[in-house]
1. For ARG106, only one of the following conditions fails: (1) part of a helix (DSSP H, G or I); (2) over 16 Å from the mean Cα position of the chain (by Cα); (3) exposed (fewer than 14 other Cβ atoms within 10 Å of the Cβ). What is its number?
2. Out of all the residues in the range 58-70, is one or more under 25 Å from THR33 (Cα atoms), modelled with pLDDT under 90 and outside any helix (DSSP H, G or I)?
3. In this structure, does ALA29 turn out to be farther than 29 Å from SER140 by Cβ, loosely packed, with under 11 Cβ neighbours inside 10 Å and at pLDDT below 95?
4. List the pairs whose first member sits in the range 58-78 and is closer than 21 Å to TRP161 by Cβ and in contact (Cβ under 8 Å) with a residue 24 or more places away in the chain, whose second member is among the acidic types (Asp, Glu) and assigned to a helix (DSSP H, G or I), and whose Cβ atoms are under 9 Å apart, counting only residues at least 6 apart or on separate chains?
5. Touching a strand residue (DSSP E or B) at 6+ places or on another chain (Cβ under 8 Å) and among the β-branched types (Val, Ile, Thr) - does that describe any residue in the range 43-65?
6. Looking at the range 78-85, is at least one residue part of a helix (DSSP H, G or I) and among the aliphatic types (A, V, I, L, M)?
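The values are calculated or read from the model by the stated rules, or taken from the named source; none is laboratory data. No experiment lies behind these values; they were computed from the predicted model shown. Because the Cβ atoms are built from the backbone with ideal geometry, glycine has one as well, and the counts that use them run over all protein chains shown.
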Amino acid sequence: MSGPRQPKTPPRAAGRPAEEAEVTELVLAVRRTNMVLDAGSVVAQAALGIGRSDLAALELLTISGKLTAGDIADQLSISTGTATAVVDRLAEAGYAVRNADAHDRRRILVSITQKGRRRFQEAFQQRWQWLHEVASDLSSDELATVVRFLLRLHEIMPEEWRQEVSASLPTPIPVSRGRRSR
């Protein structure tokens with residue numbers, strides 16, 4: 001018999017509670033980081049020649065594989081009509097393709113093309129390398145603290161924000177796993 005399920009959040013780090021000035025500094029750092037990541041998404045949209053909803057759908061297809069337009073609509077919190085228009089634009093750009101489901105020919109599945117995956121990875125490669133470089137400079141305990149903070153931040157944000165964030169999560173691009181020598 002298995003025991004209770006372990007939480008995904010790493011254990012709380014030991015030490016003194018944070019001072020108000022430290023919390024304010026963290027909040028400002030998160031805001032600056034969010035602005036930089038948003039700017040990176042705008043640059044990716046421009047590089048790919050697509051809009052925000054299109055990029056979110058492309059990211060979703062990169063992560064999830066084959067989805068129906070209805071699945072895309074649900075996961076991006078957009079109407080089915082908007083999802084159909086997004087899929088039309090991705091297909092026109094050569095980033096996605098529609099195919100009949102092998103088990104139910106009435107059901108149409110959307111999947112990312114090789115071109116779509118390659119272009120998506122090219123658009124986000126620098127971001128993932130940058131994040132990996134910063135993370136590699138941290139100790140395991142520091143990384144656990146950062147992960148705990150980010151997971152907790154995600155847990156407490158309003159549901160509509162979580163849906164927006166979850167819909168736009170890109171898939172990691174593989175980078176070297178070795179630690180840099182110092």
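1. Exception for ARG106: condition (1).
2. Checked the range 58-70: no residue is under 25 Å from THR33 (Cα atoms), modelled with pLDDT under 90 and outside any helix (DSSP H, G or I).
3. So ALA29 does not fit the description; no.
4. Note: pairs meeting the criteria are LEU60/ASP71; LEU76/GLU164; SER77/GLU160; SER77/GLU164.
5. Within the range 43-65, one or more residues are touching a strand residue (DSSP E or B) at 6+ places or on another chain (Cβ under 8 Å) and among the β-branched types (Val, Ile, Thr).
6. Within the range 78-85, one or more residues are part of a helix (DSSP H, G or I) and among the aliphatic types (A, V, I, L, M).
Residue-by-condition table, conditions (1) surrounded by 12 or more Cβ atoms within 10 Å (Cβ to Cβ); (2) at pLDDT 90 or above; (3) not basic (Lys, Arg):
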residue	(1), (2), (3)
SER136	yes, yes, yes
ASP141	no, yes, yes
LEU151	yes, no, yes
HIS154	yes, no, yes
GLN163	yes, no, yes
LEU169	yes, no, yes
ILE173	yes, no, yes
ARG179	no, no, no
